[in-house]
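The values are calculated or read from the model by the stated rules, or taken from the named source; none is laboratory data. None of these values were measured; they are calculated from a predicted model. Every residue, glycine as well, gets a Cβ built from its backbone with ideal geometry; the counts of neighbours run over all protein chains shown.
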Amino acid sequence: MNAKPRGRQFFNNPGPTNIPDRILRAMDRPVIDFMSDEFVAIHHACHSGVKRVLKTDQNLFLYSSTGHGAWEAALANLFSPGETVLMVETGYFSDSWTEMAQHLGLKVEMIAADIRKGADVAKITERLVKDKAHEIKAVLTVHNETATGMVLPLAEVRRALDEAKHPALLLTDTISSLASIDFKMDAWGIDLTVGGSQKGLMLPTGMALTGVSNKALEVSRKAKTPRHYWSWDMMTGRAPQKFVGTAPVHMFFGLQESLKMLEEEGLDAVFARHARLADATRAAVQVWGSDGKGPQLFCQTPDRLSNSVTAVVMPEGVSSDPLRKTAVDRFNLSLGGGLGKMMGKMFRIGHMGDLNEPMLLGCLATTELAMKASGVPFVAGGVDAAIESLAA
Ligand SMILES: *Cc1c(COP(=O)(O)O)cnc(C)c1O
């Protein structure tokens, strides 16, 4: 059921995302025994499929949880209280990951960054080189900071660790990049990847994953943080894995269909589609703010702009709340808001997952309409620029 009785809701939050009808239909079926041969075969197929999306031949654990659960699994399995990790500041999600690590008893050091410009990767090398005693156990990153619409170049971060010849693990949150923006777990030397179901995988919220390198799995055997539900040990012993509790079979019915859709389109085509839709979104925003008085792109580093979400900062003194409220209440368009310190100061256009040109143009045109109706200053013509961009 849509939030409004008329028409279909245009849903452009940067997570959760639109669930394709194909996935909803695939999930609309009776339950099966999670110990049955039928489910075990589905579980195996999904494991291999998710590994292809992660581009890894190493280990994978799926959880019945949100992405936060997979973060907690990562921290609880890899570290002992009192150990130090290095967090690369990106924004709201690096802050929440920091808070979680601190709650679990870890010491978190931050590579501080201007979150509109992005972290300086050279600072990571600098810090690691100084850590002669190898007290830093891991570098924690967010691949795609959903709060700011910025990507962190992970291949460069990998090189930063290599240049420093530092053995720290490299962890990354790919919740809003996986299956929208290219990610290469093994080629980039990522030791731990956190993912979630409700963004690029186009599923309901409630399933999360960690890709785990062999090195990380080895490290986990010595980690002392208490764990049970999240314990990789508890999940090992049956192929491809055990769930601590009942396996969420309906999430697997959906996941199997999602993987089928991604493979039919082809991952490269999926990434290209996201790049195309993101370019069009940015073209619109750049026109809206072209006189310096309208909304602007939050991310100021062009080669780090996210292809799955665009964060748009409001003009000084203009709240984004009336705009978002008008969009959803009058026109049935749901846009993301600002998170944490940016609440009320920005809106975010999610363009990840199951989205095409007409859906995006509907969103951009209606955003323009809602800006007009709620009195936000902007330069008209953003939609024309998006059309030009998509037609090119
Ligand atoms: C959405 C998101 C999360 C949170 O995921 P949950 O499933 O809500 O826990 C974490 N990190 C990033 C980068 C996200 O986009």
Do we find a residue being among the β-branched types (Val, Ile, Thr), within 26 Å of VAL139 (Cβ to Cβ) and at pLDDT 95 or above anywhere in the stretch 200-208?
no
Could you list, in sequence order, all residues of the stretch 149-174 that are surrounded by 19 or more Cβ atoms within 10 Å (Cβ to Cβ), within 16 Å of the ligand (Cβ to nearest atom) and not in a strand (DSSP E or B)?
GLY149, LEU152, LEU154, VAL157, THR174
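Does any residue of the stretch 31-51 turn out to be within 16 Å of the ligand (Cβ to nearest atom) and either free of Cβ contacts under 8 Å to residues at least 40 places away in the same chain or touching a strand residue (DSSP E or B) at 6+ places or on another chain (Cβ under 8 Å) (or both)?
Filtering the stretch 31-51 for residues within 16 Å of the ligand (Cβ to nearest atom) gives 50.
Right, trim to either free of Cβ contacts under 8 Å to residues at least 40 places away in the same chain or touching a strand residue (DSSP E or B) at 6+ places or on another chain (Cβ under 8 Å) (or both) and you get 50.
The answer is yes, given that some residue of the stretch 31-51 is within 16 Å of the ligand (Cβ to nearest atom) and either free of Cβ contacts under 8 Å to residues at least 40 places away in the same chain or touching a strand residue (DSSP E or B) at 6+ places or on another chain (Cβ under 8 Å) (or both).
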Would you tally the residues in the stretch 54-78 being touching a helix residue (DSSP H, G or I) at 6+ places or on another chain (Cβ under 8 Å) and more than 16 Å from the ligand (Cβ to nearest atom)?
6
Number of the condition not met by GLY317 [criteria: (1) on the phi < 0 side of the Ramachandran plot; (2) part of a loop (DSSP other than H, G, I, E, B)]:
(1)
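From the list ALA247, ALA327, ALA311, ALA275, pick out the single residue that is among the aliphatic types (A, V, I, L, M), over 30 Å from ASP114 (Cα atoms) and outside the structural domain of VAL142 (by TED's automatic domain parsing). Working first, answer last.
On the way: ALA247 fails: outside the structural domain of VAL142 (by TED's automatic domain parsing); ALA311 fails: over 30 Å from ASP114 (Cα atoms); ALA275 fails: over 30 Å from ASP114 (Cα atoms).
None of the others qualify; the one that does is ALA327.
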Assess whether ALA370 counts as being more than 27 Å from LEU152 (Cα to Cα) and buried (at least 20 other Cβ atoms within 10 Å of the Cβ).
yes
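For the stretch 342-360, enumerate the residues that are aliphatic (A, V, I, L, M), in a loop (DSSP other than H, G, I, E, B) and touching a residue at least 60 places away in the same chain (Cβ under 8 Å). Spell out the reasoning first.
Of the residues in the stretch 342-360, the ones aliphatic (A, V, I, L, M) are 342-343, 346, 349, 352, 355, 359-360.
Going one step further and asking which of them are in a loop (DSSP other than H, G, I, E, B), we end up with 343, 352, 355.
Within the stretch 342-360, MET352, LEU355 qualify.
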Considering only the stretch 193-207, how many residues are charged (D, E, K, R) and assigned to a strand (DSSP E or B)?
0
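Kindly indicate which of LYS123, LYS55, LYS117 is within 20 Å of LEU255 (Cα to Cα) and among the basic types (Lys, Arg).
Values: LYS123 fails: within 20 Å of LEU255 (Cα to Cα); LYS117 fails: within 20 Å of LEU255 (Cα to Cα).
Of the residues listed, the single one that is within 20 Å of LEU255 (Cα to Cα) and among the basic types (Lys, Arg) is LYS55.
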Out of LEU152, LEU161, LEU128, sole residue that is closer than 19 Å to GLY67 by Cβ and either under 19 Å from the mean Cα position of the chain (by Cα) or at pLDDT 95 or above (or both):
LEU152
Hey, can you tell me all the residues within the stretch 256-274 that are out of contact with any Pro (no Cβ under 9 Å at 6 or more places or on another chain) and acidic (Asp, Glu)?
GLU263, GLU264, GLU265, ASP268
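Looking at ALA239, ALA187, ALA247, ALA216 in this structure, which one is surrounded by fewer than 17 Cβ atoms within 10 Å (Cβ to Cβ), farther than 25 Å from MET150 by Cβ and among the hydrophobic types (A, V, I, L, M, F, W, C)?
Exactly one residue qualifies, and that residue is ALA239.
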The listed residue being within 12 Å of the chain's Cα centre (by Cα), surrounded by fewer than 24 Cβ atoms within 10 Å (Cβ to Cβ) and either more than 16 Å from the ligand (Cβ to nearest atom) or at negative phi (or both), out of GLN198, GLN102
GLN198
Filter result for ILE111 (touching a helix residue (DSSP H, G or I) at 6+ places or on another chain (Cβ under 9 Å), β-branched (Val, Ile, Thr) and within 15 Å of the ligand (Cβ to nearest atom)):
no
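Tell me whether the stretch 130-138 contains one or more residues that are at negative phi and either surrounded by 24 or more Cβ atoms within 10 Å (Cβ to Cβ) or within 16 Å of the ligand (Cβ to nearest atom) (or both).
yes
Within 16 Å of ARG273 (Cβ to Cβ) and modelled with pLDDT under 95 - does that describe any residue in the stretch 370-392? Explain how you work it out, then say what you get.
The initial filter retains those residues of the stretch 370-392 that are within 16 Å of ARG273 (Cβ to Cβ), namely 386, 389-392.
Applying the additional criterion that residues be modelled with pLDDT under 95 yields 392.
Yes, the stretch 370-392 has at least one match.
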Residue check, LYS345 of a type in the set (D, E, K, R) and under 21 Å from SER96 (Cβ atoms)
yes
Could you check ASP268 against (1) surrounded by fewer than 16 Cβ atoms within 10 Å (Cβ to Cβ); (2) more than 25 Å from PRO204 (Cβ to Cβ); (3) more than 23 Å from the chain's Cα centre (by Cα); (4) not basic (Lys, Arg) and say which number it fails?
(3)
